[in-house]
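Below is one structure, written out as structure tokens; comments come after it.
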Amino acid sequence: MNARLLADGKAKGNYMVKNVLIIGGGIGGLSTAIALRKAGINVDLVEIKSEWKVYHVGIIVQGNFIRAMAALGIADQAVAEGFPYFGVKFQTLHGHTVAEIPGIPMAGPNYPTDLGMGRPALHKILSESALEAGTNVRLGTSFSEITQNENSATVTFTDGTSSEYDLVIGADGVHSKVRSAIFGDELQPKFTGQGVWRYNVLRPADIDYAFLCVGLQGGKCGFIPLSAETGYVLLVQSEPGNPHHPEDKLADIFRERLAGCTGVMAELREQITDSSLVIYRPLEALLMPAPWYKGRVLLIGDAAHATTPHLGQGAAQAVEDSVVLGELLVRDEPLPNLLNEFMQRRFERCKFIVEGSIQLGEWEMHPTPEADAPGLTKKMIGMMAQPI
């Protein structure tokens, strides 16, 4: 490598990040593996699950997600596996449209503004792409200890082996063990007061768009298309006391919560019959104060900025993290400088998503005259259209 001169006259070189460990094989971890392999960096990825499976329902992704996928070279695959649509409608519980927000084609004119995707389909694209790019993946493995010095981080794994890395990336989710190990146990996700219910259904032939129904006490419901044949019904609602719902009653409870709906939502409601296929989880959120790194360990995705699904941006923000890292880590500069720039590019954007999503949930649980879900959603789309 040719040495270059800094402004102060010091030679610059040999700062290059050559090998990285990613802890966690979800959306953020796999996206980062793809981005770093494209940048020529050696990547090890460990995933604690021995069976690399994900839940069977779907997710909403918007234009900035598709743009980030394009940067990773896999947007065409994602669009082919999902259901493209354009914008979202806000409706009453009886199907009357009260607002319609068009999407922005952030990835360019050849791509949709929005996409419904089955979570297994997305996992398949990401995992296969990461492996094809040369990521060294070890399942059923996590870390037991991380020690650092100025030049490297040494990781001891749960199988007794150890390796040395230039950078360790914690992408292990909202209940991140990396976060606890490096930053302590004080930073924990908080229950927001709501839960989310999802169930895959047959897509009505004339419903080729996403819609959200407002006016439901303590929340909202809606439908997201996933493919030519399927979509999913969603319900976000207050869950006082963060209850544990009986697993064999989930379908009954879900249908009862939608009893006030008529029209299309009533038809979709009647397809919710198998409690074992209902996906329910309480909603938690966390925004870690800056910086999200200490020494040579960095947190990304839900480990640093876990959001609720109200703005449909959880996956997108994790993939954006990966794209920015891929752009930065090819540069021959001191790692603290690069990680500081990462924070400058990511913190306020993620903060807006986390806080905006929480605000929407608060408006649903505690309606006020100034509540404006369509307005906040429109503002979010405009902000996400800006470069990352």
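The values are calculated or read from the model by the stated rules, or taken from the named source; none is laboratory data. Fair warning: this is a prediction, and the values are worked out from it, not measured in the lab. Backbone-built Cβ (ideal geometry, glycine too); neighbour counts: all protein chains shown.
Of note:
- Taking region 60-117 as the range and being of a type in the set (Gly, Ala, Ser) and touching a helix residue (DSSP H, G or I) at 6+ places or on another chain (Cβ under 8 Å) as the test, the residues that pass are Gly63, Ala68, Ala71, Gly73, Ala75, Ala78, Gly82, Gly95, Ala99, Gly103, Ala107, Gly108.
- Taking region 155-166 as the range and being in contact with a Phe, Trp or Tyr (Cβ under 8 Å, 6 or more places away or on another chain) and part of a strand (DSSP E or B) as the test, the residues that pass are Val155, Thr156, Phe157, Ser163.
- Total residues in region 128-166, condition aliphatic (A, V, I, L, M), closer than 22 Å to Gly40 by Cα and either more than 23 Å from the chain's Cα centre (by Cα) or modelled with pLDDT under 95 (or both): 2
- When we screen Ile104, Ile125, Ile169 for residues that are part of a loop (DSSP other than H, G, I, E, B), among the hydrophobic types (A, V, I, L, M, F, W, C), surrounded by 16 or more Cβ atoms within 10 Å (Cβ to Cβ) and under 22 Å from the mean Cα position of the chain (by Cα), the only hit is Ile104.
- Inside region 223-241, residues that are outside any strand (DSSP E or B) and touching a residue at least 12 places away in the same chain (Cβ under 8 Å) make up a count of 6.
- Of the residues making up region 51-99, just one is in contact with a Lys or Arg (Cβ under 8 Å, 6 or more places away or on another chain), at pLDDT below 95 and over 20 Å from Tyr232 (Cα atoms), namely Ala99.
- Listed by first and then second residue, the pairs linking a residue in region 318-343 that is β-branched (Val, Ile, Thr) to a residue that is surrounded by fewer than 20 Cβ atoms within 10 Å (Cβ to Cβ), with Cβ atoms under 7 Å apart and 6 or more places separating them unless they lie on different chains, are Val323/Ile388; Val324/Arg345; Val324/Ile388; Val330/Ala39.
- Restricting Val233, Val214, Val196, Val278 to residues that are crowded, with 16+ Cβ neighbours inside 10 Å and modelled with pLDDT under 95 narrows the list to Val214.
- The residues of region 242-271 that are part of a loop (DSSP other than H, G, I, E, B), closer than 26 Å to Gly116 by Cα and not β-branched (Val, Ile, Thr), listed by number, are Leu258, Ala259, Gly260, Cys261, Gly263, Glu270, Gln271.
- For region 25-52, the tally of residues that are part of a loop (DSSP other than H, G, I, E, B) and charged (D, E, K, R) stands at 2.
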